[in-house]
Amino acid sequence: MTSGLREVRDDELVDAITEAVASITRRSSALFERTGLSARGAEWALETTLSELSSSDLEHALRTLGAVQGERVGRHGLVLAGNVFTACMRPIVWSLLARVPVVVKVASSDAGLAELFAEALEETSRPV
């Protein structure tokens, strides 16, 4: 998805992210065992994190990012901690909204949410 990220229209980008989030919601139970949390605790953490990534939230974030002036960044690098399995979503999504390719280093104990999100984006996105 990153090859033509700068040329993707805002509505296409929001649609791709929201479709990927919906896909994660449908397939998330596989993550719960790897989080170290109870299934209900992991489900709550994921629900609350993903609920902040609605279309309207993403559109608001795009407006906010559009108001920020400055030099465009060539690439974001994220090093993820393994102790909060949902912490990866917001920085990855904001990188995509800013149309900046993101490289993610996951912790060895990571539950796999970043990878699941990447797979969901690949599956739900149109080629760009």
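The values are calculated or read from the model by the stated rules, or taken from the named source; none is laboratory data. Here the structure is a predicted model, which is why all the values come from computation and not from measurement. All Cβ positions, glycine included, derive from the backbone under ideal geometry; neighbour counts span all protein chains shown. Quick note on the areas: whole protein, heavy atoms, side chains included, nothing else; ligands and nucleic acids left out. Shrake-Rupley method; radii C 1.70, N 1.55, O 1.52, S 1.80 Å.
Among Ala118, Trp94, Leu80, which residue has its Cα furthest toward the positive end of the charge dipole of the chain, with +1 on Lys/Arg Cβ and -1 on Asp/Glu Cβ? Value computed over the given set: Leu80.
When the helices of the chain are scored as -39500 (n - 2.57) per DSSP H run of n ≥ 4 and the total is divided over every residue, the value at 222 nm lands at -16500 deg cm²/dmol. Take the chain with all the other protein chains still there, run a 1.4 Å probe, and you get 57 Å² of accessible area per residue. For the chain, the Cβ-based charge dipole about the Cα centre amounts to some 340 debye (Lys, Arg positive; Asp, Glu negative; other atoms uncharged). Mean sequence separation of contacting Cα pairs (under 8 Å, at least six apart), scaled by the length of the chain, corresponds to a relative contact order of 41 percent. If the segment from Trp94 to Glu43 were pulled out straight at 0.36 nm per residue, it would be longer than the present Cα-Cα gap by 16.1 nm.
Quarter the surface of the alpha carbon convex hull of the chain and you get the mean projected area, 7.5 square nanometres.
Segment Val84..Ser108, full-extension length gain: 7.4 nm, with 0.36 nm per residue of separation and the alpha-carbon distance subtracted.
Carbon-plus-sulfur accessible fraction, the chain (probe radius 1.4 Å, protein heavy atoms only): 53%.
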